[in-house]
1. Quick check: pseudo-label points 7 Å beyond the Cα along Cα→Cβ at Arg199 and Arg325, how many nm apart are they?
2. For n ≥ 4 DSSP H runs only, could you compute -39500 (n - 2.57) per run for the chain, divide by its residues and tell me the 222 nm figure to the nearest 500?
3. Express as a percent, rounded to the nearest 5, the fraction of DSSP beta bridges in the chain (both residues included) that run antiparallel.
4. Relative contact order of the chain: what whole-number percent is it, with Cα pairs under 8 angstrom and at least 6 residues apart?
5. Give the lysines whose C-alpha is closer than 18 Å to that of Lys234, dropping any in the same chain fewer than 8 places away, or say none.
6. For the Cα atoms of the chain, what angle does the longest principal axis make with the long axis of helix 238-254, in degrees from 0 to 90, nearest 10?
7. Taking all pairs of distinct Cα atoms, average 1/r, flip it, and tell me the Kirkwood hydrodynamic radius of the stretch 204-298 in Å to one decimal place.
8. Helix 113-128: angle to the longest alpha-carbon principal axis of the chain, degrees 0 to 90, nearest 10?
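All of the numbers you see were taken from the coordinates with simple rules; none came from a lab. Since this is a predicted model, take the numbers as computed values, not measurements. A quick note on method: Cβ atoms are made from the backbone with ideal geometry, for glycine too, and the neighbour counts reach across all protein chains shown.
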Amino acid sequence: MSVEATAPGKAILFGEHSVVYRGPAIVIAIDRRAKITAKERDDERIRFDCLDLGFEGYFEGDEYHPVAGEEWRGNRLQAMLVAARKTMEHIDKTSGLDLTVRSDIPIAAGLGSSAAICVATVAATGELLDGNLSQQEICDLAYEGEKMVHGTPSGVDNNISTYGGVLSYETGVGIEKIDFQGGLPLVIGNSKRKRSTRRLVARVRALRDRNPELVDGLIDSMGEVSRKGLEAIKARDYPMIGDLMNINHGLLSSVGVSISRLDILVHAARGAGAYGAKLTGAGGGGCMIAITDPDKLRDVSRAISRSRGEPHIVNISYEGVETRRLG
Ligand code: PMV
């Protein structure tokens, strides 16, 4: 018997970086998914097939044995390994596993690929071993894996990937599910530059340490943009969402997290008629996002391609984690 679980990636519409300090971040699940297929093994090994990414290998205890690809690739699997082991521990069962990883979420681009993979790993392992996990248990166990990669992440990625839809997240307040249905005309542009969230968060913190009053003012403004952004989303006021994205991009540039590749894509989208555009996620590379009239989705997409970005016309995914038995 094998089990397949899928979980969506995410995009931050408003509030990246400021959320680290105060104020909300507004996040959507996107229709790009990670898929894990899980099967029991007769031995104790936990084997990962990531052949889409060019590697495959297994863990025997904590030791990684490559089958295809380099040994260092094993480091990339730590989050999934922890997610699978914590799940087995939680349901008090143990087994060797074959885990096949497939995903159409770009990696290290701020689109929640690692959280989606962790959520799907927990769900697949839990279902395979009859763990009967609730969505909240899946979310919490996936967070254990996420901690391996990100230190102490806010928890927004595993939540959005588990539940789907639209959420607001505020440090110290937690997650609020937003009652919103239907789509938003959004285009994501991937700069194809990998970056580290941890390093960019540290850079903003250092700037704030050197200029506390100024940077706190910018953080407060970003929080205000985020609150207004949520109202504009609920009202489906695309031009207002666009204005707020433009202001948000300026504020994020002010704290030093944009790069010229992202600015070029943001301006290309605006030039093609988008209502507004901003970087999304930690910046320093990764992705930007634009809101446009539905009639202009293709134009904006083409403008991003012409500027050497990788465009994705995305929809909000209301399907969070999903699991099915393959027989
Ligand atoms: O990892 P990313 O690109 O989705 O960015 C995370 C958002 C930050 O606000 C920069 C960090 C955080 O933990 O909230």
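1. Roughly 4.7 nm, to one decimal.
2. Values: 11 runs with 138 residues, N = 327.
Calculated mean residue ellipticity at 222 nm is -13500 deg cm²/dmol.
3. Values: 59 of 63 bridges.
Roughly 95 percent of the beta bridges in the chain run antiparallel, per DSSP.
4. On the way: 779 pairs, mean separation 85.9, N = 327.
Here the relative contact order equals 26 percent.
5. Within the straight-line cut-off, Lys234 pairs with Lys177.
6. Around 80 degrees separate the two axes.
7. Numbers: mean 1/r = 0.0726 Å⁻¹.
Result for the stretch 204-298 stands at 13.8 Å.
8. Taking the Cα atoms of the chain, the angle to 113-128 is about 30 degrees.
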